[in-house]
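To start, the structure itself, in structure tokens.
What follows is calculated from the coordinates using simple rules that are stated; it is not laboratory data. Bear in mind that the values here come from a model prediction, so they are computed numbers and not experimental data. Neighbour counts are summed over all protein chains in view; Cβ atoms, including those assigned to glycine, are modelled from backbone coordinates with ideal geometry.
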Amino acid sequence: MAGFFDGEGCVAISKINLKNPEYKSPRYVLEVTAYNCDKDVMDWILTKFGGSTQLRVKPKEKWYWKDNYGWKITSNKAIPFLKELLPYLKVKKKQAELAIEFQEQVMNVKNRKTIPVKAGNGISHRLAPSEINKRDKYWRQMIKLNNRGLKTRRD
């Protein structure tokens, strides 16, 4: 599984900016995905590790692409998967380590910093700027790790 995931998988932290930043904080979500054309393989991963799968149909304009199946597991549910594969990963080891650290920080309620904000007739709790900065650093670090492939020279 680790070899398959090193080649076909992705570990990412998505940043979702909400519509009203005055009241709501951006959301940072750990996402672990893999894509393959073999439905049996993707069904096996789903059965073994959970998550969800979906068929991705080839857009007409992408002649080089085939229909394929996507598997996805997010947030806390992704941690057991990453921890099980971690000792065997080669290509995505640093991403997996960062993802585990990120998710454990996010779920550590004692360290979570929020500030109350007046929202409509009530109070909403927004992440404190220091907490947003911390999560943003993880997000940027993951982007950097995922962009480390071959560097090509443009003339």
At what distance in nm do the modelled label points of GLU31 and GLU97 sit from each other, each positioned 7 Å from its Cα along Cα→Cβ? 2.5
Cα-based Kirkwood hydrodynamic radius, the range 32-108, one decimal, Å: 13.8
So which of LYS77/LYS113; LYS39/LYS94; LYS72/LYS92; LYS15/LYS144 end up more than 18 Å apart by C-alpha? LYS77/LYS113; LYS39/LYS94
Spin-label pair PHE4/ALA128, simplified geometry with 7 Å Cα→Cβ offset, distance in nm: 4.4
Table column - 3J(HN,Hα) (Hz), the range 127-136, Karplus curve with 6.51, -1.76, 1.60, x for Gly and Pro: 4, 5, x, 5, 6, 4, 4, 4, 5, 5
